[in-house]
Every structure is written in C-alpha cells, then in structure tokens.
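Right, one structure below, let's go through it.
Bear in mind these aren't lab numbers, they're just calculated from the coordinates by the rules spelled out. Worth saying up front: this structure is predicted, and the values here are computed from it rather than measured. Note: ideal-geometry Cβ built from the backbone for every residue, glycine included; neighbour counts use all protein chains shown.
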Amino acid sequence: MDNRDSYNSGYNNTDQNPGHADPYNNNGYEAYPPEYERQPMVPLKHSGPGIASFVIGLVAILGYIMIFFIATMAINDSIGVLTPLQTEEIALHPAVVLASLAILVCLILNLAGGILGIIGLVLKNRKKVFAIIGTILNGIMILLFVALILVGMTLM
C-alpha cells in the first residue's frame, strides 16, 4: 500500500476505477464534465408558439374593446325607455348581431392562443416569458367569457 492509499484509508481508491482521468483526485469525481459533454453556452430563443399566443391574446383583447365600443355607439340612439317590443328590436339590431359574432370569433382566437401558449410552455430550450403571458391573457379572457355566460344565465 502506498502513501496515497493509506491517506484515503481505502475509500475512493482509484485502483477500483482504473479508467478514471485523474488518479490523484480524492473524491473520485471529475470537477467538470469531459470535453465531449460540454456544450457551448448559447442564448435561448423565445418560443414561436409563445410569441404567437401573446400576440393573439393582445389582438383578442383589442378586438373585445373595439366590439363593445362600436356596438355601443351603434345602438346608443336606440336606448331610452324601452318597451319589450323595442328590446327585441335592439337585440336583433345588425350591430348587436355582428358584435355577437365578433365576440365568438375573439373567443375562438383566445382558445387558439391558449393552446399555443401551452405548446410554448412545453417546448424545451426556449424562453417561456411570452408563452406564460400569452397563456395568462388568453386564459383570463376565456374565464371572463364563461363568467359572463354564467351571470347571464342566473339573471334569466
């Protein structure tokens, strides 16, 4: 037994690991990975689906704002003291019908944006900032739409 073996008292003996690169390493592990395992540090890219989710969320929110603004301006002159027959006429007003269809289009955009955001979160080796923000934006808009439906159902 040589000095090194007596110093280690048999623990982490390099004779047990003959392929080890450093025979005088006391802990038995290499300090750094071998050259073939090292990868150069490259900056991560943003995920494409995450960016798309974020943009879709912003477009849908702007769409909701524009829809409510345009529909309100279109039926503003019709609002006053209303009889039930006039209420039905306002509900069938072309601006209200188009606004309803446009809200459904924005909801479909939110669903697509939410799916893209989740895809962006799952991708590896990508930044997830836009995917997180896009998923949250689209998720909040979907939840608000569902809440609006529930409130409308309870008021009937």
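Which FRET efficiency value, to the nearest 0.05, is calculated for Met41 and Ala112 with the Förster distance at 30 angstrom and r the Cβ-Cβ distance?
Working: r = 34 Å, r/R0 = 1.15.
Rounded to the nearest 0.05, the efficiency is 0.30.
How many nm is it between the label spots at Leu92 and Met153, if each spot is 7 Å from the Cα in line with the beta carbon?
The two pseudo-label positions are separated by 2.7 nm.
Tell me the label-point distance for the pair Val146, Val129, using the 7 Å Cα-to-Cβ offset, in nm and rounded to one decimal.
3.0 nm
With a sphere of radius 15 Å drawn around the Cβ of Val97, what net charge do the other residues whose Cβ falls strictly inside it have (Lys, Arg +1; Asp, Glu -1)? Numbers along the way, then the final one.
Values: positive: none; negative: Glu88, Glu89.
Neighbour charge sum, excluding Val97 itself: -2.
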